[in-house]
Amino acid sequence: MLKATQKLIHKLLDHPKYTLSFLAMITLILGSYLPGLKMDFTIEQLFSQDDPVIDRFMTFREEFAGVDNVIFLIYESDDPFSHNNLIKNKALTERLEEIEGVESATSLTNIELFTEGGDYLLQPVYDEIPISTDSLLSAKNRIMSSELVKNYIISEDGKVAAILVEVDRDYNEHKGRERILKEIDQNQSGVDWEWHQAGLPVIRTRYVQYMIADNIKFLCPVLFMLIILLFFLFRSWIGLLLPLTVVGLTIIWTIGIMTAFGVTVNIISYMIPTLLMIIGISDSVHFLVKYFHTLKAVGHRREALFQTVKKIGTAILLTSLTTAIGFGALSFVNIEIVKEFGIFTAIGVLFAFIITVLFIPSMLMILERTPESKLDAYSKGFRMRIINKIILFVRAYPKRIIYVGLLICVIGIFGAVQMNPHSKLLEDLRPGNQLLDDMHFSEERMGAVLPVEVIIQIDEVGPYEDIQDVEVLTFMDELSQYLSTIPEVGKVISVSDYMKEIHRAMNDGDPSFYKIPESRNMISQYMLLYESEFESLMNVDYTKLRIAVQIKDIDSRRSAEMEKEINEFILSVVPNGLTVEVTGTAFLALRTNNYLVYNLAGSFLIAFGVITLLMVFLFRSVKMALISILPNIIPMMIMAAVLGFFQIPLRPSTAMTFAIAFGIAVDDTLHYLTRYRMELSEADCHYRQANDATLMSTGIAMMSTTAILVSGFLVLLVSEFTPTIQFGALSAITILSALVGDLTFLPALLSQVKPRIKGIKD
């Protein structure tokens, strides 16, 4: 095996142009797929693939028109009911209706309400905008007395109003929504009111825009940071350009193969290029540092490359595998886009390894030799002084270092039990974000805009013919009234609300008739006369009813409690022959959040187990495997402590960090132990000498790669998304603490345990 490997290395070095041609061919093939790259940022991709609750919700969306497609344009003015403001409202509403893709725009000026008297009860409030004070006041009182529009089009205090823009189903995708919102922005900017936008179409569109902006925002600073750090490390254009080229090729290969397999860029995978840029450069740095050290020692380029590939090739292969395992563990989560993210990021990490060991040696063989004067930086200066101090520190206090490491683990356990697994939907946005401020304003002044749905279905076998039976609507009304009493509920709209309005209007506005009609025949007549008012609240064959509920932004714990409370109430009052289900995007998103958190926690355990087994296989020793794992438990415990003590919600992004950061953190441990074994294999080498030599030879590379990784992850702090910020900060903390552990705890542990290797002196 060894001879075959050495022969392969020689062939690689003898034919660098062939190798580069092969890499260029693969790059051209995979790069040709890039123009076909597609994006899909629908939030439904985060829903579990085999959850029957999700399946029923998707069926419900197909049956009912106007679900999750309303944009709320909420505004505050001196008086929404003044003549001038109504004129401006009317003109704006008409312009909004003319936008391509807008199904309708509903506002104070075109709303129709049920009025007693006349042949047709549903009449517009304003045929023309009145001038007289009495007429304006009369219209205002009529609107404010309607329960249908209160906290929907007008706030309860009458000071905040809304224009409801319904997006056509055919245009309710990102590009369509983005164009519509752009035109809305242009139109509303001409009206000098304080504007706030809310609703799911707004949330979805802004989220995607933030993600795309984040990706652009990340790539440039990360690239700039890499250039600075690589130049500082190598002081050579070779040391700068070669790693950057490796990263560039890695991204092209990874995105190319994603596109070839029909995988779209989505709300998770958009991070892959940035992550590969940060992570994929580590192999190059380790390789080049080792090469330049070896070149200085042997003085011959080919021999230096041979020794470098021979000695460090296995180490960077293993570190690539552990990092890939960290990402690959995400493939066990039963959500397709999470699987794709894990699999293709893992593939990208392995691509980075392949490109590094093929591209860099081949390029170095055909490029001119690096001037000797530029190599002095690797053995002198600030980093070497740090390494020397670490060696002295570990020699002096090995037991204390071990005790501190174990104490950190204990503290981490206390932090872990205090972790909060519940988060809110809008907590994804950082404070001061415009969308977040708009949503909070909507909650405070208009009620709420996050959708929850209650579906009432007529059983195939039962006492009810269809939804027009009095008992069905009576139950719906009772349920609607109960839902309205829940503190977090802002607005409830149902067929029963319309039916009561019609019934009262048909009876000269008598308040005693504000109730469900007492005969099926009367209900049928009302539905026939005003069918258009009901079409978004029931299906075409009259077997299902929809109660549209708008709730505030609540956390997943309260969401589960609310859902339970609603279901308990339903069970206590629902008549036989009806099936009722609580669903809706808000509840399902929070449900998915919890599902992801617990499954991602499981993915960490999988990554931990697989990497431990890999260590056992690699070192042929359970003791050595445990020694390799222990230094990497400490950073995990630090992360758990940070999450628990600072009450950072355990959302999908933070849960994901455990598996990913563990896979990355163990890399330095592998580099250290691989070199440690090599040093022990030297004749007459003792454990202390091996530790010292390992720190001297690998310490600088470990510090350099950690600096790059930490700096790269810290760039994520400029994101608009709190989860991304937390992912970046926690990854940086974990990787930095892993370096400290590998430079102190690991050598201290080795000095005390002294693992036995045959033929090695104590």
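The values are calculated or read from the model by the stated rules, or taken from the named source; none is laboratory data. Note that the structure is a prediction, hence the values are computed from the model and not measured. Neighbour counts are summed over all protein chains in view; Cβ atoms, including those assigned to glycine, are modelled from backbone coordinates with ideal geometry.
Here are a few things to note about the model shown:
- Residues in the stretch 8-41 that are in a helix (DSSP H, G or I) and without any contact (Cβ under 8 Å) to a residue 60 or more places away in the chain: Leu8, Lys11, Asp14, Tyr18, Ser21, Ala24, Met25, Leu28, Pro35.
- Restricting attention to the stretch 150-169, the residues that are assigned to a loop (DSSP other than H, G, I, E, B) and more than 19 Å from Val549 (Cα to Cα) total 4.
- Unique residue being farther than 29 Å from Thr674 by Cα, in a helix (DSSP H, G or I), of a type outside the set (A, V, I, L, M) and in contact with a helix residue (DSSP H, G or I) (Cβ under 7 Å, 6 or more places away or on another chain) when the list is Asn599, Asn593, Asn632: Asn593
- Filter result (among the aliphatic types (A, V, I, L, M) and out of contact with any Phe, Trp or Tyr (no Cβ under 7 Å at 6 or more places or on another chain)) within the stretch 430-456: Leu435, Leu436, Met439, Met446, Ala448, Leu450, Val454, Ile456
- With respect to (1) more than 29 Å from the chain's Cα centre (by Cα); (2) modelled with pLDDT of 80 or more; (3) surrounded by fewer than 21 Cβ atoms within 10 Å (Cβ to Cβ), the lone exception for His686 is condition (2).
- Within the stretch 478-510, tally of residues that are within 41 Å of the chain's Cα centre (by Cα), within 18 Å of Ser536 (Cβ to Cβ) and acidic (Asp, Glu): 1
Rundown of residues vs (1) assigned by TED's automatic domain parsing to the domain that holds Phe64; (2) touching a residue at least 24 places away in the same chain (Cβ under 8 Å); (3) farther than 23 Å from Lys150 by Cα, yes/no style:
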site	(1), (2), (3)
Ile486	no, yes, no
Ile493	no, yes, no
Ser496	no, no, no
Met506	no, yes, no
Ser512	no, no, no
Ile547	no, yes, no
Ser572	no, no, yes
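- For the stretch 71-109, the candidate set comprises residues that are part of a loop (DSSP other than H, G, I, E, B) and of a type in the set (Gly, Ala, Ser); within that set, the residue that is modelled with the lowest pLDDT is Ser77.
- Leading residue by the ranking (farthest from Asp283 (Cα to Cα)) among those in the stretch 191-220 that are modelled with pLDDT under 85 and surrounded by fewer than 18 Cβ atoms within 10 Å (Cβ to Cβ): Gln209
- Of all residues in the stretch 564-579, those being loosely packed, with under 14 Cβ neighbours inside 10 Å and in contact with a helix residue (DSSP H, G or I) (Cβ under 7 Å, 6 or more places away or on another chain) number 2.
- Tally, over the stretch 514-565, of residues that are more than 29 Å from the chain's Cα centre (by Cα) and closer than 20 Å to Asn594 by Cβ: 1
- Note on the stretch 594-624: residues that are aromatic (Phe, Trp, Tyr), surrounded by 16 or more Cβ atoms within 10 Å (Cβ to Cβ) and modelled with pLDDT under 80 total 3.
- Exactly one residue out of Thr314, Thr245, Thr264, Thr274 is under 32 Å from the mean Cα position of the chain (by Cα), farther than 23 Å from Ser653 by Cβ and among the β-branched types (Val, Ile, Thr), and it is Thr245.
- A count restricted to the stretch 61-117 and to residues that are more than 40 Å from the chain's Cα centre (by Cα) and on the phi > 0 side of the Ramachandran plot stands at 1.
- Residue under evaluation Glu453, criteria (1) of a type in the set (D, E, K, R); (2) surrounded by 17 or more Cβ atoms within 10 Å (Cβ to Cβ); (3) modelled with pLDDT of 90 or more, criterion not met: (3)
- From Ile648, Ile627, residue being modelled with pLDDT of 80 or more, surrounded by fewer than 24 Cβ atoms within 10 Å (Cβ to Cβ), on the phi < 0 side of the Ramachandran plot and not in a helix (DSSP H, G or I): Ile648
- Residue in the stretch 209-229 that is assigned to a helix (DSSP H, G or I), of a type in the set (D, E, K, R) and touching a residue at least 60 places away in the same chain (Cβ under 8 Å) present: yes
- Positions within the stretch 110-149 being closer than 18 Å to Phe534 by Cα and outside any loop (DSSP other than H, G, I, E, B), in sequence order: Glu112, Leu113, Phe114, Leu122, Gln123, Pro124
- Selected residue (criterion: nearest to Ile71 (Cα to Cα)) from residues of the stretch 433-449 that are acidic (Asp, Glu) and in contact (Cβ under 8 Å) with a residue 24 or more places away in the chain: Asp438
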